[in-house]
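For reference, the structure is listed below as structure tokens.
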Amino acid sequence: MVTYLVNPVKFLHQVREEVHVCCLMRKSFCTVPLSANATRQDSDRDFLIIADHPLDRENITKLKGGLYDIELENDEVVSSIIRSRQEWSSPEYDALPFKEAVEREGDPACATSCI
């Protein structure tokens, strides 16, 4: 059984809100760590955030800064990878075991969209 220091629903809501604030992000997956460490309270939260269009450094920095604020507020470690849909759908990423693992192990309940 996983014991979280914070309410996981509240935490995911905060992350989704931060994604929406930047509003360039259309889809995100949170990946679920499958190692034995997944049940530890000090496990980090991993997110893959996919934008519909190419990203600029300013927007990535803004989003990462917001996620860092959420980390501090909740005493949780957030790891994020931010890519454009074009990058994520490229043959280079299709060849990576990482992509297959995220799509297989990611939690669709964490997926979000920006309307």
- Among the residues of the range 1-31, write down those that are of a type in the set (A, V, I, L, M), out of contact with any strand residue (DSSP E or B) (no Cβ under 6 Å at 6 or more places or on another chain) and either modelled with pLDDT of 65 or more or over 15 Å from E76 (Cβ atoms) (or both). M1, V6, V9, L12, V15, V21
- Between a first residue in the range 1-17 that is polar (S, T, N, Q) and surrounded by 13 or more Cβ atoms within 10 Å (Cβ to Cβ) and a second residue that is assigned to a helix (DSSP H, G or I) and at pLDDT 80 or above, which pairs have beta carbons less than 7 Å apart while being 6 or more apart in sequence or on different chains? Q14/I70
- Message: Any residue in the range 83-102 that is within 25 Å of C22 (Cα to Cα) sitting within a Cβ distance under 9 Å of a residue that is aromatic (F, W, Y)? List the pairs, counting only those 6 or more apart or interchain.
- Response: R83/Y93; E87/Y93; K99/W88; K99/Y93; V102/F29
- Query: What residue, among those in the range 52-102 that are at pLDDT 90 or above and of a type in the set (V, I, T), is nearest to the chain's Cα centre (by Cα)?
  - Reply: I70
- Task: Within the range 53-73, count every residue that is of a type in the set (S, T, N, Q) and either exposed (fewer than 11 other Cβ atoms within 10 Å of the Cβ) or under 9 Å from E18 (Cβ atoms) (or both).
- Result: 1
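The values are calculated or read from the model by the stated rules, or taken from the named source; none is laboratory data. Computed from a predicted model, the values in this text were never measured in an experiment. Neighbour counts are summed over all protein chains in view; Cβ atoms, including those assigned to glycine, are modelled from backbone coordinates with ideal geometry.
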